[in-house]
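Written out below as structure tokens is the structure these notes cover.
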Amino acid sequence: MARPKSEDKYQALLAATVTVCAVLGLEAPTSKIARTAGVAEGTLFTYFKTKDELLNQLYLELKKEMGLVMLSDFPRTETLRGRMYFFWSKYIHWGTQNPNKRKVMGQLSVSERITPESKAAAMSIFSEAQGLLDECIKNSQLQHVSCAFVSSMMIALADTTMEFILREPLDIEQYCVTGFDAFWRALGCN
């Protein structure tokens, strides 16, 4: 009879995947991930049938974590700028507090190993943020460009902001505000 799966081992495998992939990239060997988690490699495949399944599950777990952070205490009655800054600052703080997760999320986001189903599930987590970005675009000078372009522009500015915060952590709020102001001006919102 098969033993029940342990939530602790599951979480240890996800955490180890972040740690190892932050250093070695998504091609990191499963043996190294298992060793880092403190389990046998066969145990990894008890929890995840394939490495791709592990990476897709990690992608979804990281997106869920980010979504929980970004949506907690969301000020729905705030101005458009205030709501957008709320999302921005939550994302910046999550990214600077979790640099390895942010790095691996960046790798996963552009990986062909992530299935369309996983991408769709992740998008549903961020439907409110997507709606907010759509509202920003509708009220901006960038109405003629795709939401994907504006989202990529925002992520690039956020990544730059996070890199400077990690270099100069005493200026976290200044960089957070300055980065957002640059994004807001680029949008040219009303």
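If only residues of the range 76-102 that are among the small types (Gly, Ala, Ser) and closer than 15 Å to ILE155 by Cβ are counted, the one that is farthest from the chain's Cα centre (by Cα) is SER89. Scanning the range 129-154 for residues that are assigned to a helix (DSSP H, G or I) and exposed (fewer than 15 other Cβ atoms within 10 Å of the Cβ) yields a total of 9. Taking the condition over 17 Å from the mean Cα position of the chain (by Cα), touching a residue at least 12 places away in the same chain (Cβ under 8 Å) and surrounded by fewer than 18 Cβ atoms within 10 Å (Cβ to Cβ), does THR50 pass? It is false that THR50 is over 17 Å from the mean Cα position of the chain (by Cα), touching a residue at least 12 places away in the same chain (Cβ under 8 Å) and surrounded by fewer than 18 Cβ atoms within 10 Å (Cβ to Cβ). Can you tell me which residue among PHE86, PHE183, PHE126 is aromatic (Phe, Trp, Tyr), crowded, with 18+ Cβ neighbours inside 10 Å and in contact with a Gly (Cβ under 9 Å, 6 or more places away or on another chain)? Going through PHE86, PHE183, PHE126 in turn, just one is aromatic (Phe, Trp, Tyr), crowded, with 18+ Cβ neighbours inside 10 Å and in contact with a Gly (Cβ under 9 Å, 6 or more places away or on another chain): PHE126. In the range 33-89, the residue that is modelled with the lowest pLDDT out of those that are part of a loop (DSSP other than H, G, I, E, B) and within 25 Å of SER109 (Cα to Cα) is SER72.
Residue by residue, here is whether (1) in contact with a strand residue (DSSP E or B) (Cβ under 7 Å, 6 or more places away or on another chain); (2) within 26 Å of PHE164 (Cβ to Cβ); (3) of a type in the set (D, E, K, R) holds:
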residue	(1), (2), (3)
LEU55	no, no, no
PHE87	no, yes, no
ARG102	no, yes, yes
LEU133	no, yes, no
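The values are calculated or read from the model by the stated rules, or taken from the named source; none is laboratory data. Bear in mind that the values here come from a model prediction, so they are computed numbers and not experimental data. Please note: Cβ atoms are built from the backbone with ideal geometry, for glycine as well, and neighbour counts cover all protein chains shown.
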